[in-house]
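For reference, the structure discussed in these notes is given below.
Read-outs throughout are calculated quantities, based only on the coordinates presented, and are distinct from any laboratory measurement. Note that the structure is a prediction, hence the values are computed from the model and not measured.
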Amino acid sequence: MLRLLEFALFLLPFAGYGLWLWFGRQYTRQMLWGTLGAMFAMVMMAAWLELTQAVPPELSYVPPHMENGRIVPGHATRRTQQ
């Protein structure tokens with residue numbers, strides 16, 4: 001549900017711009033298709049990143065931290081049983 005809200009908030013400025021163009025009647029077909037194409041490309045990129053960069057459910061993400069004076073990058077590890 002939170003992702004849907006984030007997605008809606010992301011698209012809100014584009015929708016506002018589209019309404020501004022629609023009611024102002026200052027748009028061209030090229031501008032309309034360019035805007036729709038850019039929005040489609042951004043949605044597909046966001047979906048691709050979500051599908052390829054997500055941590056599987058059986059793993060937990062460990063954020064970057066310091067160990068013995070060195071920075072250990074963030075990584076995914078098996079969940080510990082509690």
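Give me Rg/Rg_expected for the range 2-78, where Rg uses Cα atoms only and Rg_expected = 2.2 N^0.38 Å with N residues.
Taking the Cα Rg and dividing by 2.2 N^0.38 Å, one obtains 1.73.
Hey, can you grab everything whose amide H is under 5 Å from the amide H of VAL62? Only 5+ residues off in sequence or another chain; H modelled, so Pro and N-termini drop out.
Answer set, sorted by chain and number: HIS75, ALA76, THR77.
Per residue of the range 63-72, in order, report the coupling 6.51 cos²θ - 1.76 cosθ + 1.60 (Karplus, θ = phi - 60°) as ³J(HN,Hα) in whole Hz, putting x for Gly and Pro.
The phi angles translate into x, x, 8, 9, 9, 6, x, 10, 8, 9 Hz.
What do you get for the angle between helix 2-24 and the principal long axis of the chain? Use alpha-carbon atoms, 0 to 90 degrees, nearest ten.
The angle comes out at about 20 degrees.
Treating the angle as unsigned and between 0 and 90°, give the value, to the nearest 10°, between the Cα long axis of helix 29-53 and the longest Cα principal axis of the chain.
Between helix and principal axis, roughly 10 degrees.
Name the residue, out of MET31, MET66, MET45, whose mean-square fluctuation peaks in a Gaussian network model built on the chain with Cα pairs under 10 Å.
Highest fluctuation of the listed residues: MET66.
With springs only between Cα atoms under 10 Å, which of PHE23, PHE14, PHE40 fluctuates most in a Gaussian network model of the chain?
Answer for the Gaussian network model of the chain: PHE23.
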